[in-house]
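Everything on this sheet refers to the single structure shown next.
The values are calculated or read from the model by the stated rules, or taken from the named source; none is laboratory data. Predicted model only: the values in this text are computed from it and were never measured. When we count neighbours, we look across all protein chains shown, and the Cβ atoms used for this are built from the backbone with ideal geometry, even at glycine. Please note that ligands, DNA and RNA were not included when accessible areas were found on the heavy atoms of the full protein model with its side chains. Shrake-Rupley method; radii C 1.70, N 1.55, O 1.52, S 1.80 Å.
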Amino acid sequence: MAMELFNTLGSRVEPLSASENNTLRMYCCGPTVYDYGHIGNFRTFLHMDVLRRTARLKGFGLKHVMNITDVDDKIIRNATAANLPIGEYTAKYERAFFEDMDALRVERPEVIARATETIAEMVALIERLASEDIAYKAEDGSWYFRIARFPDYGKLSGKDLEGIEDGARVDVDEYEKDAARDFALWKAVKPGEHAWETPLGTGRPGWHIECSAMAMKHLGPSFDLHGGGEDLAFPHHENEIAQSECASHQPFARHWFHVRFLLVEGKKMSKSEGNFYTLRDLLLKGYRASAIRFLLVSVPYRHQMNFTFEGLTESANAIERLRTFARRIEAAGSNTALPEALNADLDALVNEKLTAYGAALDNDLNTAEARAAVFDVVRAANIALDNSSFGRGNIAPVQGVLQAFDAVFDVLTDRDADVSKAAVAWAKAEGRADIAPELLVAQSISDAEIEALIAERTDARKLRNFARGDAIRNELAEKGVLIEDGKAGVTWKRR
RNA sequence: GCACCGGUGGCGAAGUGGCUAACGCGCUGGUCUGCAAAACCAGUAUUCGCCGGUUCAAUCCCGGCCCGGUGCUCCA
């Protein structure tokens, strides 16, 4: 079955296809690097990651371009306030952005494009539009796009230009444009602003032209998929289409992918509501990166999701169950008592669920249904292991399901402690005081110290000195370390 | 105001014109254990926002209403 995805352009689910060598050429609007990323940003990037990982699982090659918007009004404003050159200002947040992406296990796109490194291409694009009088220069030196020249305007967002008459909302006279809806391609320099000297005049690019130029530079005038947050559909993506198609006379992106916004504790996330969280805020509260990833990815991208702290805890518990299961299957390999005979019923179920897993992802990236199939396998295999009907031949197929799961979800390997540690180091360097005490306590004990205490406890228990053993167990529990007395020995993990 | 999307158990959240309405967490019970914890198993919505309609049959289709969200205004 082919991978199907909702296409905003046309508003229906369509097969996803690559027009060149089975390599999916996709462009995704990346961050504007003026501050630390918040969880809403990361929901979008996480679902882009699900898309690319799923595409690869289905056999596509990938050429994924993501831009960094490193010049815009907010950047100029903040850099000026901080008395820094914009490049220096944005470098800090770009670095932070990629640290966060790494923490969340979001894969790097094949190409990272920066607006400030693509100015020449933007200028050339505007000049091409100007040569057909689609772009025009206003009196203040800014360049605008003449929307009247693109009859298809509105085809992505379903806007009807008839209903947005010139001057209906905006006093045209305030602008030096020919029509109120015309948007800026190039903004003339204002006093004190960072600007580029170009044949168009001295100034800086408009936001929309940046993405058109970067996408076409790396993917050509026509490519497979373009994505971003739902708010970008209009006007940003609509404007990209208008500029690009007027310049190239070819369809721009064939498939448009938009990720819906999330709510936080049932409300729109906003600073004024007090429910605005960056990834770093959550890490410092003691939540794990893997739990954040799993939660954000578990609700399909086209659904509004409600992000809650309770949900984060649940997500961490669910991951714990999966990791425990993965270890149990791994251990089964060296269990000599394991029956040789294949449990055919279990095997049939595992195969059925693997198919269901793939089908769920094919069906517009239904991550909720996909993970359900994996939990079905976990339960069935645990039952078989409990009643000794799990055969050696069942190991590989079950591991195959876990691999397929992790190829997209990527939460089975525990890297959380390192991520939290880095977040705490950053917070201390920044002088932040809002670090969860239990996080600091947990990081105050090393793995070696834990191992030593556990060894001491094991010795005490052998001598049936349970009082001492329990005291050590309690001491470790206070530092967030859980001890498990299994048949094969003692194991531990950080909570 | 106009346009679009959604409202499913304690919570998160799939899904379908008729088969027991997934899955996860939580909770309750059990297995295991020196005791625990952890782990594992089992049970846990006669019901899918409200009111009408279509249909032999609707949570799923249609209409209205209420509520939440998004866009229309360079927020992912």
Practice task
Test A:Ile86 against the criterion of being open to solvent by less than 30 Å² (accessible area, probe 1.4 Å) and modelled with pLDDT under 95, and give yes or no.
Solution key: yes
Completion exercise
Going through the stretch A:337-384 in order, the residues found to be among the small types (Gly, Ala, Ser), within 10 Å of RNA strand B (Cβ to nearest atom) and within 16 Å of A:Ala404 (Cα to Cα) are A:Ala356, A:Ala360, A:Ala368, A:Ala370, A:Ala372, A:Ala373
Exercise for the section: Being surrounded by 15 or more Cβ atoms within 10 Å (Cβ to Cβ) and within 13 Å of RNA strand B (Cβ to nearest atom) is the filter here, so list the residues in the stretch A:385-397 that pass it. Expected result: A:Leu385, A:Phe390
Practice task
Please enumerate the residues belonging to the stretch A:463-495 that are within 10 Å of RNA strand B (Cβ to nearest atom), part of a loop (DSSP other than H, G, I, E, B) and in contact with a strand residue (DSSP E or B) (Cβ under 7 Å, 6 or more places away or on another chain).
Solution key: A:Arg495
Handout entry: Single condition A:Met66 does not satisfy, out of (1) open to solvent by 30 Å² or more (accessible area, probe 1.4 Å); (2) part of a strand (DSSP E or B)
Key = (1)
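If a residue must be closer than 22 Å to A:Glu132 by Cβ and of a type outside the set (Lys, Arg), how many such residues does the stretch A:215-236 contain?
Step one: list which residues in the stretch A:215-236 are closer than 22 Å to A:Glu132 by Cβ, which gives A:215-217, A:220-222, A:235.
Okay, now just the ones that are also of a type outside the set (Lys, Arg), so A:215-216, A:220-222, A:235.
Selection size over the stretch A:215-236: 6.
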Completion exercise
Scanning the stretch A:409-437 residue by residue, the ones that are farther than 23 Å from A:Arg43 by Cβ, in contact (Cβ under 8 Å) with a residue 40 or more places away in the chain and open to solvent by 30 Å² or more (accessible area, probe 1.4 Å) total 2
Completion exercise
With the first residue restricted to the stretch A:129-150 and required to be within 16 Å of A:Ser244 (Cα to Cα), and the second required to be part of a loop (DSSP other than H, G, I, E, B) and among the hydroxyl-bearing types (Ser, Thr, Tyr), Cβ contacts under 9 Å at 6 or more apart or on different chains are A:Tyr144/A:Tyr175; A:Ile147/A:Tyr153
Problem - Residues being among the charged types (D, E, K, R), closer than 17 Å to A:Tyr144 by Cβ and buried (at least 17 other Cβ atoms within 10 Å of the Cβ) - total across the stretch A:189-227 - result: 2
Fill in the blank from the handout: For the stretch A:52-65, pairs from a residue that is more than 21 Å from A:Cys29 (Cβ to Cβ) to a residue that is among the small types (Gly, Ala, Ser) and surrounded by 17 or more Cβ atoms within 10 Å (Cβ to Cβ), with Cβ under 8 Å and 6 or more apart or across chains, are A:Leu57/A:Gly358; A:Leu57/A:Ala404; A:Lys58/A:Gly358; A:Gly61/A:Ala18
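Do we find a residue being out of contact with any Cys (no Cβ under 7 Å at 6 or more places or on another chain) and on the phi > 0 side of the Ramachandran plot anywhere in the stretch A:462-472? Spell out how you get there, then give the answer.
Of the stretch A:462-472, the ones out of contact with any Cys (no Cβ under 7 Å at 6 or more places or on another chain) are A:462-472.
Add one more test, that the residue is on the phi > 0 side of the Ramachandran plot, and what stays is A:464.
Yes: one or more hits.
Results for (1) open to solvent by 20 Å² or more (accessible area, probe 1.4 Å); (2) at pLDDT below 90; (3) over 28 Å from the mean Cα position of the chain (by Cα), shown as yes or no for each residue.
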{"site": "A:Leu104", "(1), (2), (3)": "no, no, no"}
{"site": "A:Glu139", "(1), (2), (3)": "yes, yes, yes"}
{"site": "A:Tyr144", "(1), (2), (3)": "yes, no, yes"}
{"site": "A:Lys177", "(1), (2), (3)": "yes, yes, yes"}
Handout entry: Selection count where residues are in contact (Cβ under 8 Å) with a residue 12 or more places away in the chain and exposed (fewer than 13 other Cβ atoms within 10 Å of the Cβ), scope the stretch A:461-485
Key = 1
Exercise for the section: Could you grab me the full set of residues in the stretch A:204-261 that are at pLDDT 95 or above and basic (Lys, Arg)? Expected result: A:Lys217
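Specify the residue that is surrounded by the most Cβ atoms within 10 Å (Cβ to Cβ); the eligible residues are those in the stretch A:3-19 that are hydrophobic (A, V, I, L, M, F, W, C) and assigned to a loop (DSSP other than H, G, I, E, B). Lay out the reasoning, then the answer.
Pass one, the stretch A:3-19, residues hydrophobic (A, V, I, L, M, F, W, C): A:3, A:5-6, A:9, A:13, A:16, A:18.
Retained after the next criterion (residues that are assigned to a loop (DSSP other than H, G, I, E, B)): A:3, A:9, A:16, A:18.
Values: A:Met3: 21, A:Leu9: 21, A:Leu16: 25, A:Ala18: 19.
This residue is A:Leu16.
Return yes when A:Leu440 is open to solvent by less than 80 Å² (accessible area, probe 1.4 Å) and over 34 Å from the mean Cα position of the chain (by Cα) and no when it is not. Can you show your working first?
Details: open to solvent by less than 80 Å² (accessible area, probe 1.4 Å): yes; over 34 Å from the mean Cα position of the chain (by Cα): no.
No, not satisfied.
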Exercise for the section: Could you tell me whether any residue of the stretch A:28-41 is of a type in the set (D, E, K, R) and in contact with a strand residue (DSSP E or B) (Cβ under 6 Å, 6 or more places away or on another chain)? Expected result: no
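How many residues are part of a helix (DSSP H, G or I) and over 15 Å from A:Ala179 (Cβ atoms) if we restrict to the stretch A:130-147? Before you say what the answer is, go through the steps one by one.
Here is the first cut: in the stretch A:130-147, the ones part of a helix (DSSP H, G or I) are A:130-131, A:147.
After this cut, where a residue has to be over 15 Å from A:Ala179 (Cβ atoms) as well, the list is A:130-131.
The total comes to 2.
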Problem - Qualifying residue in the stretch A:411-429 (condition: within 16 Å of RNA strand B (Cβ to nearest atom) and at pLDDT 95 or above) - result: yes
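Answer yes if at least one residue in the stretch A:388-399 is within 20 Å of A:Phe294 (Cα to Cα) and either assigned to a loop (DSSP other than H, G, I, E, B) or at pLDDT 95 or above (or both), and no otherwise.
yes
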